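Note sheet for the following structure.
The values are calculated or read from the model by the stated rules, or taken from the named source; none is laboratory data. Every value quoted in this text rests on a predicted model; they were computed, and no experiment measured them. In this analysis, Cβ positions are derived from the backbone assuming ideal geometry, glycine residues included, and neighbour counts consider all displayed protein chains. Surface accessibility is based on the protein's heavy atoms, side chains included, excluding ligands, DNA and RNA. Shrake-Rupley method; radii C 1.70, N 1.55, O 1.52, S 1.80 Å.
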Amino acid sequence: PHLTAFMAYKAGMTHIVRDLDRAGSKMHKKEVCEPVTIVDCPEMVVVGIVGYKPTARGLRAVSTLWAQKLSDSMLRRYYKSWYAAKKKAFTKYTSKFEENKEARETMYSRIEKNATVLRVLAHTQPNKLKLGSKKAYVAEIQINGGSMADKLKFAQGLLEQQVTVGQVFKESERCDVIAVSKGHGMEGVTHRWGVSRLPRKSHRGLRKVACIGAWHPSRVAYTVARAGQNGFHHRTELNKKIYKMGEAAAKCEKGNATTSMDITEKHITPLGGFPHYGVVN
């Protein structure tokens, strides 16, 4: 069994130069320069297990189990303002953790018997970064491979443990990246959809769409370009290659951005840190 995803923080971008091996291309056997994204991957913590069974209306949760110890950064996710909160989340659950052992065993057997999909609940550790945010991101991460008993055993072994990115991905692997794009707020139609401007002498402005549809049907179709929210959208990019997985900066004295072609000893963080991010540790 293996985990299928990892949560991380985008630090910034740089570029790499590599030899292209693509027969038939004009650039075959030549050097190409490509943009790459640098992602900061502090360890995740697994705090729960949830099993799903298929129904006619999609997946339905069989049961959810939580770990005994939950960090403050995880509990902050349950509150709008932490300092004003009474911080009661999970207090009853943890105090009666030993008493409810039988109930937990029953839930495990229910998951093993009924569920077809198993996911772990994991959260990031923002305290390992200097971002100012103290609230952890929590997500369900699916476990694939093996029988349900194998998956459950694997998940139980991960509870309250830290998961490194090296346990999920390997170098030169390909993966999909899911994130939220940069927000631009309310944006006009010219920038948002790339429509051309109207002639200079147009009445009532020129960065517009002149005709937004026929008289009938007397509605505006969803396909017509309009002004509105631009950016801050959930987007998935497919098939990204992991070029390098560096050690944590504290663990390697030599520098974690050294390659076979570029033997300068250096860390991945540029001088003065990444803009709007800081230092990648």
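D176 exposes around 90 Å² of accessible area when a 1.4 Å probe is run over every protein chain in place. Checking every one of the chymotrypsin sites (Phe, Trp or Tyr not before Pro) in the stretch 178-230 against DSSP loop status and a limit of 11 other Cβ atoms within 10 Å picks out W215, Y222. Within 11 Å, Cβ to Cβ, of K151, how many net charges do the neighbouring residues add up to if Lys/Arg are +1 and Asp/Glu are -1? Surrounding charge for K151 is 0. Each Lys and Arg contributes +1 and each Asp and Glu -1, all at the Cβ; summed about the Cα centre of the chain, the dipole is approximately 1660 debye. Take 110-119, 250-259 and order them by the average number of nearby Cβ atoms within 10 Å per residue, most first; the result is 110-119, 250-259.
Considering only the Cα atoms of the stretch 1-54, their convex hull presents on average a projected area of 7.7 nm². Taking 37 °C and 0.692 mPa s as conditions, the chain diffuses translationally at an estimated 140 µm²/s according to Stokes-Einstein applied to its Kirkwood radius (Cα pairs). The residues of the chain have, on average, 70 Å² of accessible surface per residue, using a 1.4 Å probe with all protein chains present. Compared with the rule-of-thumb size 2.2 N^0.38 Å for a compact globular protein, the stretch 192-248 has a Cα radius of gyration ratio of 1.96.
Around the amide H of V36, modelled in the peptide plane, lie the amide H atoms of T14, H15, I16, all under 5 Å away and 5 or more residues distant in sequence or on another chain. Projecting the Cα atoms of T258, F169, G278 onto the dipole axis of the stretch 127-281, where Lys and Arg carry +1 and Asp and Glu carry -1 at the beta carbon, places G278 farthest toward the positive end. When you restrict to C-alpha pairs under 8 Å that are six or more residues apart and normalise by the size of the stretch 1-106, the relative contact order lands at 17 percent.
Let me know the volume per residue of the alpha-carbon convex hull for the stretch 96-219, in Å³. In the stretch 96-219, the Cα hull volume divided by residue count equals 319 Å³. The length gained by stretching the chain between C211 and F232 to full extension, at 0.36 nm per residue less their Cα-Cα distance, is 4.8 nm.
Could you work out the local net charge near Y108, counting Lys and Arg as +1, Asp and Glu as -1, over the other residues with Cβ closer than 14 Å to its Cβ? So the surrounding residues net to +2. Here the stretch 89-138 is treated with +1 on each Lys and Arg Cβ and -1 on each Asp and Glu Cβ, and its dipole about the Cα centre works out to around 380 debye.
A simple charge model with +1 on the Cβ of Lys and Arg, -1 on the Cβ of Asp and Glu and nothing else charged puts the dipole of the stretch 126-281 at about 1180 debye relative to its Cα centre. A simple packing score, the average count of other Cβ atoms within 10 Å per residue, orders the peptides 22-34, 3-15 as 3-15, 22-34, with the highest score first.
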